[in-house]
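Just so it is clear, none of the values below were taken in a lab; they were calculated from the coordinates. The shown structure was predicted, so the numbers you read here are calculated from the model rather than taken from an experiment. Here Cβ is always computed from backbone atoms with ideal geometry, including for glycine, and neighbour counts include all displayed protein chains.
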Amino acid sequence: MAQLSNVLSNQLLGAMEPASRKRIDPHLEPVDYKLGALVCEAGGLLKHAYFPQGSVLSLLTVLENGSAIVTANIGREGAFGLFAAMYSRVSFNRCIVQLEGHAVRCPIELLQYEFRNSEHVRNLFVSYSETLLSQVQQTVACNAMHSTEERMCRWLLMMHDRAEGEALSYTHEFLAHILGANRKSVTLAAQSMQTAGLISYRRGTIQVLDRVGLEKASCECYAIVKERFDAFLKPPETAVPSDTKSRRGN
């Protein structure tokens, strides 16, 4: 029962059909992650896919000079490593822990088997991958067009959703790294948000005080990405082939 509870706390695992879960569940391995921990380096070979259950993983695009910027966040709605189950086992991104907590990991070979043999799993993985790609695209536009304060509001809202309202523990240095901004601009943004009564920020702890105000101060990217993820487990009927008619015909 404890193992089943673990599965259902991740939306993507919980959405799998019972036959697939029966094969996967015995091989799920729980892992606990601390803030900033490295899950996989860019170019690394993936042996597992990771399904957050309270933790949040971030995908970073790494440049030749060593600098990196976050292009996507993955919480309990999804997983890191599904591309390895579908196409390539090499990670294109660095993956780090952005919100510490629990996760489970599954051997890639098991997910490859399900992807090859289950139409339901194929539809689920493709639907999620398309949604994750849309987050990457939106983040690229956001990083290029919106202010540090707007981007910080978007990021805090995403973390607030996944932390279920709890306080967030982050230093200015970590925020600057995550947002791809310099420390001074992050400090000024945090001070502005605190003066406006949106957040309190003391000794590396951020508490959201005015959720509605934070959403108004954010760029449109937060709402766009949230809407896409809320809908990804409900793809259009035409995207999920059904054999109902053929069964009736028989």
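Being out of contact with any helix residue (DSSP H, G or I) (no Cβ under 6 Å at 6 or more places or on another chain), over 25 Å from Glu220 (Cα atoms) and in a helix (DSSP H, G or I) narrows it down to one of His177, His102, His120, so name that one. Spell out the reasoning first.
On the way: His177 fails: over 25 Å from Glu220 (Cα atoms); His102 fails: in a helix (DSSP H, G or I).
So the residue among His177, His102, His120 that is out of contact with any helix residue (DSSP H, G or I) (no Cβ under 6 Å at 6 or more places or on another chain), over 25 Å from Glu220 (Cα atoms) and in a helix (DSSP H, G or I) is His120.
Say we look at the range 40-97 and pick out the residues that are in a loop (DSSP other than H, G, I, E, B) and of a type in the set (A, V, I, L, M); which of these is nearest to Thr148 (Cα to Cα)?
Leu63
With (1) exposed (fewer than 15 other Cβ atoms within 10 Å of the Cβ); (2) more than 21 Å from Asp230 (Cβ to Cβ); (3) in contact with a strand residue (DSSP E or B) (Cβ under 9 Å, 6 or more places away or on another chain) as the list, and Arg116 as the residue in question, which single condition is left unmet?
Only one criterion in (1) exposed (fewer than 15 other Cβ atoms within 10 Å of the Cβ); (2) more than 21 Å from Asp230 (Cβ to Cβ); (3) in contact with a strand residue (DSSP E or B) (Cβ under 9 Å, 6 or more places away or on another chain) is unmet by Arg116, namely (3).
Can you tell me which of Glu150, Glu114 is over 30 Å from Leu198 (Cα atoms), touching a Ser or Thr at 6+ places or on another chain (Cβ under 7 Å) and of a type outside the set (Ser, Thr, Tyr)?
On inspection, the qualifying residue turns out to be Glu114.
Go over the candidates Ala84, Ala68 one by one and state the one that is out of contact with any Gly (no Cβ under 9 Å at 6 or more places or on another chain) and within 30 Å of Trp155 (Cα to Cα).
After applying the criteria, what remains is Ala84.
State yes or no: is Ala42 in contact with a Leu (Cβ under 7 Å, 6 or more places away or on another chain) and either of a type in the set (A, V, I, L, M, F, W, C) or without any contact (Cβ under 8 Å) to a residue 12 or more places away in the chain (or both)?
Values: in contact with a Leu (Cβ under 7 Å, 6 or more places away or on another chain): no; either of a type in the set (A, V, I, L, M, F, W, C) or without any contact (Cβ under 8 Å) to a residue 12 or more places away in the chain (or both): yes.
No, not satisfied.
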